[in-house]
């Protein structure tokens, strides 16, 4: 194997940065983050030898994103940050747009935006990273839900909302309202009916994020948020589409794929019927009303269906085991587990009851609990 070394003499340092961008055209493309880093380094040279503040700030962004439990990608972050502030641009065209828009006069402010966006971006995908107040818990709950639904296209809008809330550009009530609308929309559109998203949806989120970023006062921000929510409402599935997919939700010890989604839905159903003080749902678990492993006979055909599932405190779950329906119902009632009308009025429990409860929960979810 032979090694060849090539020495290239340059007239100035700027030419070195240009070569870095173009030298590998015959090999693997450089990542957008590498090109952006190089571009900023060329525009913002260190003032003191051995001290490069701008490089340290860039590395701080990388450290912040790479240390997240959400497995964040810096290239995707750069794209989402751009979309939340500037006109829509495909990821492949991103560096060209940045190179054209960011010059010596704007490089420092561009880096400032990236630094602030990195914190908000990590908060979007890792809600517990930010130090929220008790009053801000509704924001955390909605962001957590969107992670359960594995929503990515909404990132520019989510970034813009979190950024605006941190900057006190939108109120707590406004932020909670639009995040809850997005949560409910994606529960229906993405998590339940699995509708396909396309370029129109991506552009909707990018436009919403940029419009919110450009809003100069709270009145304008309010208008932007209201218009955005209306756009979500225009895209929600029909009641029939929702019910058909909702009744297919399943969870059992043998079928765990939808566990997190089922748990989320049951939590919201419990919260709708529950009276009194809020509870810590981290200490609750999913109970099968008709047992998965009955003491005698085979398990019900509908044992894994959403209509056979309910959320109960873990201590109650351990006590219920394979009890008969009436005994199990009495124990849950004694522990103040809220019942929906079908479960409340039932004196026995069959596949027919499970199917009826699945349909009833679907109607309640669509018309009341998850309204956009």
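Laboratory data are not the source of any read-out in this text; all were calculated from the coordinates shown. Just so you know, these numbers come straight off a predicted model, no measurement behind them. Cβ placement follows ideal geometry from the backbone for every residue including glycine, while neighbour counts extend to all protein chains displayed.
Label-to-label distance, residue 88 versus residue 336, with points set 7 angstrom from Cα along the beta-carbon direction: 5.0 nm.
For the stretch 132-237, a/c is not less than 1.5, where a ≥ b ≥ c are the root eigenvalues of the C-alpha gyration tensor, and a/b does not top b/c. That puts it in the oblate class. Averaging the sequence gap over all C-alpha pairs within less than 8 Å and six or more residues apart, then dividing by the number of residues, gives the stretch 132-237 a relative contact order of 36 percent.
Were the residues from residue 3 through residue 173 laid out at 0.36 nm apart, the gain over their Cα-Cα distance would be 54.8 nm. Relative to the longest principal axis of the Cα atoms of the chain, the long axis of helix 74-83 makes an angle of roughly 90 degrees.
With helices as the sole contributors, the chain gives -17000 deg cm²/dmol at 222 nm; each DSSP H run of n ≥ 4 counts as -39500 (n - 2.57), and the sum is divided by every residue. Panel order for 132, 82, by other beta carbons found within 10 Å of each beta carbon, from fewest to most: 132, 82. Annotation for the stretch 304-359 versus the stretch 73-120: alpha-carbon center distance of 52 Å.
Fewest-first ordering of 332, 298, 172 by other beta carbons within 10 Å of each residue's beta carbon gives 298, 172, 332. Which of the three applies to the stretch 115-159, rounded, prolate or oblate, going by the alpha-carbon gyration tensor with a ≥ b ≥ c and a/c under 1.5 meaning rounded? Verdict is oblate for the stretch 115-159. Give the angle, between 0 and 90 degrees and rounded to the nearest 10, that separates the Cα long axis of helix 13-22 from the longest principal axis of the Cα atoms of the chain. Taking Cα atoms only, the helix is inclined about 50 degrees.
Take every Cα pair under 8 Å whose residues are at least 6 apart in sequence, average their separation, divide by the length of the chain, and the relative contact order is 14 percent. Axis of helix 199-214 versus longest Cα principal axis of the chain: the two differ by about 70°, to the nearest ten degrees. If you run the Gaussian network model on the chain, springs between alpha carbon atoms under 10 Å, then out of 319, 113, 270 the most flexible one is 319. Structure remark: mean-square fluctuation, Gaussian network model of the chain, C-alpha springs under 10 Å; the largest value among 297, 271, 200 belongs to 297. The alpha carbons of the chain give a radius of gyration and a Dmax of 26.0, 89 Å, in that order. Gyration tensor analysis over the Cα atoms of the stretch 195-278 returns equivalent ellipsoid semi-axes of 33, 20, 13 Å (largest first, whole Å).
Our summary gives the stretch 241-369 a relative contact order of 32 percent, counting only alpha carbon pairs under 8 angstrom and 6 or more residues apart. Between residue 321 and residue 135, the modelled labels are 4.9 nm apart [label points 7 Å from Cα along Cα→Cβ]. Springs between Cα atoms under 10 Å define the GNM used for the chain, and in it the highest mean-square fluctuation of 108, 221, 243 occurs at 108.
Between residue 69 and residue 253, the distance separating the two model label sites (each 7 Å from Cα on the Cα→Cβ line) works out to 2.7 nm. Which of rounded, prolate, oblate describes the stretch 241-369, given a ≥ b ≥ c as roots of the alpha-carbon gyration tensor eigenvalues and a/c under 1.5 marking rounded, otherwise prolate only if a/b is larger than b/c? Taking the square roots of the gyration eigenvalues as a ≥ b ≥ c, the stretch 241-369 is rounded.
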